[in-house]
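Input: a single structure, listed below in structure tokens.
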Amino acid sequence: MLFTDLPLDILELVIRSFIGDFATLKSLTLVCRLFRDPCQQHIFRFVTVDDTARCCRLIDGLRSNPTFLRHVQRICVGGNQGPGASWLFENMDVITEFLNLISEARLIHFSLSGDNIIPISWAQLSSPLKEELSKIFAKIKSLQLIGFYDIPIDILTPCHKNITDLDLLNSNFVQGSAVTPGSPRLRLHYLKIFTITPGMVEALISSGILDLSQLELLDFGSGPAEVDLSPLVQSRELRGLHLKWLTPNIILDQAQKSSLRSLNHLKTLEISTRWKRGRTSPNLKCLADALSTLESPHLTTVLVTVAVPFIPVGGDFVSLEVLSVALDQLHQRSGGRLKTLDLTFEVSSPADKLEEIQQGINDRIQWKGDSKVLSLTVAQPPGFEDDF
């Protein structure tokens, strides 16, 4: 029996085992016509352009064989971390030509990176490049922008029809023209912001972003008095709120502004923070106070991650008592609807110390609720190496 006699679904399973191994997939396209099309689907489904030579090769390939376009679904220009402003500025014409060629593809996701270290102004992009970007934005469902500042909120106007996911990494919007009555609103399912800036919430709201389902905020860098998240957090459709590595005083400040109160439809809350040393850790107290203000009758899942950048000893554990009380109260207010409460401590300490630390935490986290609800984990951070 020849392999070409195998059912197509079996051949597809074989090919899928090589996803990510582009050298093997490229070789398989040369085996026979039966392999060529499914292999090309995986080769061109996700295209990354992060150097000039690759961009030029893709342009030549698309010109000689435009049928490749039917496979392209996700494009990342500039890589995941941003190649730096110089690469982008030096190759605007080439990038513009590439975007023009792929503008007819049935794209799902598009990512554009400027400079993730020192963000660059959106105004510095050439007019032809911004025109091609506008065409692409009108088609995609998911958009990621990395390392740009003062992005006019109006660039999202073409996105109102299709886009559901928006990811802003070290990028910010500025106010544009307000949405006129009757105009389509940007109905996002997922909004992720890394470092939000004053005026950004107002700019997003001006574009009609009022129907968020999932909101994720990371490393909230502005002072607590400068930004009010209420307009975003109070979305009637919000089901998941993810606050990662925000300083607890900012979380508490937002709670006191009513941003975290009366979240009537919220089902999942995720918070990541850091534990500062001492018997009365201000970080853990602020986190506990914020949780104490939370009112969400439909909350079913709470995920709390506490990074511990030291080896806690003795009196350090005392500060956990206030957090323990807040978690108990949160469970009681849920009226039994809270089904999952995962409390994870990521401790930067040798593996042989984890058991001792686990015991110290267990002694202070006095859980009075259903034992099936609380899951307490003590582990090393991802990628941590014992080098003590």
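The values are calculated or read from the model by the stated rules, or taken from the named source; none is laboratory data. None of these values were measured; they are calculated from a predicted model. Because the Cβ atoms are built from the backbone with ideal geometry, glycine has one as well, and the counts that use them run over all protein chains shown.
Just a few scattered comments:
- Within region 214-230, the set of residues being farther than 19 Å from Phe194 by Cβ and either outside any loop (DSSP other than H, G, I, E, B) or modelled with pLDDT of 70 or more (or both) comprises just one member, Ser230.
- Some residue of region 276-294 being in a loop (DSSP other than H, G, I, E, B), aliphatic (A, V, I, L, M), closer than 30 Å to Asp211 by Cβ and at pLDDT 85 or above: no
- Options Ser375, Ser348: the member that is in contact with a Pro (Cβ under 8 Å, 6 or more places away or on another chain), surrounded by fewer than 17 Cβ atoms within 10 Å (Cβ to Cβ), modelled with pLDDT of 85 or more and not charged (D, E, K, R): Ser348
- Residue check for Ser319: hydroxyl-bearing (Ser, Thr, Tyr) and at pLDDT 85 or above: no
- Flag for Ile251 being over 27 Å from Phe345 (Cα atoms), modelled with pLDDT under 65 and either more than 16 Å from the chain's Cα centre (by Cα) or surrounded by fewer than 22 Cβ atoms within 10 Å (Cβ to Cβ) (or both): no
- Within region 331-346, the set of residues being on the phi > 0 side of the Ramachandran plot and in contact with an Asp or Glu (Cβ under 9 Å, 6 or more places away or on another chain) comprises just one member, Gly336.
- Selection within region 293-347 - in contact with a Leu (Cβ under 9 Å, 6 or more places away or on another chain) and of a type in the set (Val, Ile, Thr): Thr293, Thr300, Thr301, Val302, Val304, Thr305, Val306, Val322, Thr340, Thr344, Val347
- Residue match in region 312-332 (condition: closer than 22 Å to Leu238 by Cβ, among the small types (Gly, Ala, Ser), touching a Lys or Arg at 6+ places or on another chain (Cβ under 6 Å) and in contact (Cβ under 8 Å) with a residue 12 or more places away in the chain): no
- Check on Arg63, surrounded by fewer than 15 Cβ atoms within 10 Å (Cβ to Cβ), outside any strand (DSSP E or B) and modelled with pLDDT under 85: no
- Yes/no for Phe388 being at pLDDT below 80, of a type in the set (Phe, Trp, Tyr) and more than 23 Å from Leu266 (Cα to Cα): yes
- Checking every residue in region 352-366 against the condition of being under 20 Å from Leu241 (Cα atoms) and either crowded, with 16+ Cβ neighbours inside 10 Å or more than 26 Å from the chain's Cα centre (by Cα) (or both) gives zero matches.
- Any hit, region 318-332, residues being touching a Pro at 6+ places or on another chain (Cβ under 6 Å) and crowded, with 18+ Cβ neighbours inside 10 Å: no
- Some residue of region 141-152 being part of a helix (DSSP H, G or I) and closer than 24 Å to Arg187 by Cα: no
- Selection within region 137-169: residues that are surrounded by fewer than 18 Cβ atoms within 10 Å (Cβ to Cβ) and among the charged types (D, E, K, R). The member of this set that is farthest from Ala203 (Cα to Cα) is Lys141.
- The number of residues in region 281-315 that are closer than 22 Å to Gly335 by Cβ, of a type outside the set (S, T, N, Q) and under 24 Å from the mean Cα position of the chain (by Cα) comes to 8.
- Selection from region 317-376 of residues that are of a type in the set (Lys, Arg), farther than 22 Å from Lys276 by Cβ and in a helix (DSSP H, G or I): Arg333
- Residue list for region 301-316, restricted to those being surrounded by fewer than 16 Cβ atoms within 10 Å (Cβ to Cβ) and either more than 22 Å from Arg277 (Cα to Cα) or acidic (Asp, Glu) (or both): Thr301
- When residues of region 111-128 are limited to those that are closer than 14 Å to Thr96 by Cα and among the hydrophobic types (A, V, I, L, M, F, W, C), the one surrounded by the most Cβ atoms within 10 Å (Cβ to Cβ): Leu112
- Search result, residues across region 272-300 that are of a type in the set (Gly, Ala, Ser), under 12 Å from Val318 (Cα atoms) and buried (at least 16 other Cβ atoms within 10 Å of the Cβ): Ser281
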